[in-house]
1. Do any residues in the range 284-299 that are under 17 Å from Ala364 (Cα atoms) have Cβ atoms under 6 Å from those of residues that are part of a loop (DSSP other than H, G, I, E, B) and open to solvent by 20 Å² or more (accessible area, probe 1.4 Å), where the two are at least six apart or on different chains, and which pairs are they?
2. Are there strands (runs of 3 or more DSSP E) fully within the range 82-187 with at least 2 residues that are open to solvent by 10 Å² or more (accessible area, probe 1.4 Å)? List them.
3. Out of the range 142-165, which residues are in contact (Cβ under 8 Å) with a residue 24 or more places away in the chain and in contact with a Leu (Cβ under 6 Å, 6 or more places away or on another chain)?
4. For the range 456-468, give me the residue count where each residue is within 13 Å of Ile377 (Cα to Cα), touching a residue at least 60 places away in the same chain (Cβ under 8 Å) and surrounded by fewer than 20 Cβ atoms within 10 Å (Cβ to Cβ).
5. Taking the range 51-81, which residues are touching a strand residue (DSSP E or B) at 6+ places or on another chain (Cβ under 8 Å), within 26 Å of Asn123 (Cβ to Cβ), in contact (Cβ under 8 Å) with a residue 60 or more places away in the chain and not in a strand (DSSP E or B)?
6. Could you tell me how many of the residues in the range 2-14 are in contact (Cβ under 8 Å) with a residue 60 or more places away in the chain and touching a Leu at 6+ places or on another chain (Cβ under 8 Å)?
7. From Glu107, Glu51, grab the single residue that is modelled with pLDDT under 95 and farther than 22 Å from Thr136 by Cα.
8. Can you tell me which of Asp279, Asp204 is open to solvent by 20 Å² or more (accessible area, probe 1.4 Å) and assigned to a strand (DSSP E or B)?
Amino acid sequence: MGGFFGTVSKTACIADVFYGTDYHSHLGTKRGGMATYVRGKGFIRSIHNLESSYFRTKFEDELSQFQGNSGIGVISDTDPQPIVINSRLGKFAIVTVAKIANIKGLENDLLRQNRHFSEMSLNVTNQTELVALLITMGKTFVEGIENVFNSIKGSCSMLLLTEEGIIAARDKWGRTPIVIGKKENAYAVTSESTSLPNLDFHIDTYVGPGEIVYIREDGIEQLRKANERMQICSFLWIYYGFPTSDYERINVEKVRNNIGIRVGRSDETTVDAVCGIPDSGVGMAFGYAEGKGVPYHRAVSKYTPTWPRSFMPSNQEMRSLVAKMKLIPNKEMLKGKRFVFCDDSIVRGTQLRDNVRMLYECGAKEVHIRISCPPLIYGCPFIGFTSQKTPLELITRRIIKEFEGDEHSNLDRYAKTGSREYHALIDTIRKHFGVDSLKFNTIEHLVDAIGLPKCKLCTHCFDGSSCF
């Protein structure tokens, strides 16, 4: 996925850009970049690979080279950015949080129009450069951004650092968030509201779907009104979001807690304690403990000194090893007890299978798994929250293929809460892991916990629903 941060200030901005961008490290592990603008001198830019180290360690030694009162930064799971462009609209730097499903077709269209691409990484077109080219085809920045919205299939939110300030444009369906913060001498614009309070910003505005705003030192100008319809990704509250972040004024940890309370109250399973699988399962587990009336015991801990975040290698065998290494069981807490373990989701199932085996080996009497979202039946065409290349990487689709002979058959039946196919799917997953019980949250309860109407949430990965 990825996240960005920008600021327009009356004083030097680099400290805010640096630390604000760093607060998006949980959203990406591939590339990080920053750009500032200095009046009379132009743009200063730096990009680093983050696949073997952290954002801060890569940029700390370079901070003295950055100047200016406005800047943007990004941590991304896609291409190197920011991109700096000189066009008839003026000079600007751009960062995006995007997934463009039709990038090859758009690339061919632009090449036929005698456009060219220069930001090639591993011989693949940089999607942020493609967005920049689509923008420069407009007569104005607004027309150019509208061209992006109308051309791409997927999603795209962006920040453009210009010579006057920052243009922020949220994806037309609002799949990814943008929040504006304010303090005495500056504005900030960010994907994660978590980045604001420690830099002394307070939340000023939530940018709407398709809305475009121009942020300058002296204020915010709306260039395009927000769309009424929205499809913000529900997985932000389940997995991606940092616990202290708010999307659409709804707090991440509060949603996870609400999910846990509801699941705990309705769960008739007799257990001794509950534990969250770090990190994103913890909020649900605290809620479960409250709703069920059982204690929370930290039976599994994440080794944070060297595993605060996984630098995932591309090799799946090594990915599985990395995922296993960062979680350490506590035998004394597990021995002879019946435990509920809460986790955010099951994708491939490799990590959870290893965790379950470990829990039993450490003496757990019973292991019950509770998942905060419904089963993942469909791949995400909009923001790409996994690196999945084929539907068969999802454990659900592998089981559906076993049942149907075709991983694409009768998906709606397996996605429907309470159907015969749904129950068969869940029971087969339970047997695969060898756990005493397995329950997933339902779409209905997830929507209720978030508190937005379902029509404003994207739940495509659970039920295949789509706005286009």
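1. Hits for this filter: Ala299/Asn330.
2. The strands (runs of 3 or more DSSP E) meeting that bar are 83-87, 90-100, 179-183.
3. Those that are in contact (Cβ under 8 Å) with a residue 24 or more places away in the chain and in contact with a Leu (Cβ under 6 Å, 6 or more places away or on another chain): Val142, Ser151.
4. Residues that pass the stated criteria total 2.
5. Result: Asp77, Thr78.
6. Going residue by residue through the range 2-14, those that are in contact (Cβ under 8 Å) with a residue 60 or more places away in the chain are 2-11, 13.
Still in the list and also touching a Leu at 6+ places or on another chain (Cβ under 8 Å): 2-4, 6.
Residues meeting the conditions: 4.
7. Working: Glu107 fails: farther than 22 Å from Thr136 by Cα.
The unique qualifying residue is Glu51.
8. Among Asp279, Asp204, only Asp204 is open to solvent by 20 Å² or more (accessible area, probe 1.4 Å) and assigned to a strand (DSSP E or B).
The values are calculated or read from the model by the stated rules, or taken from the named source; none is laboratory data. Predicted model only: the values in this text are computed from it and were never measured. Here the Cβ is made from the backbone with ideal geometry for all residues, glycine too, and neighbour counts use every protein chain on show. SASA here: full protein model, heavy atoms, side chains in, ligands and nucleic acids out. Shrake-Rupley method; radii C 1.70, N 1.55, O 1.52, S 1.80 Å.
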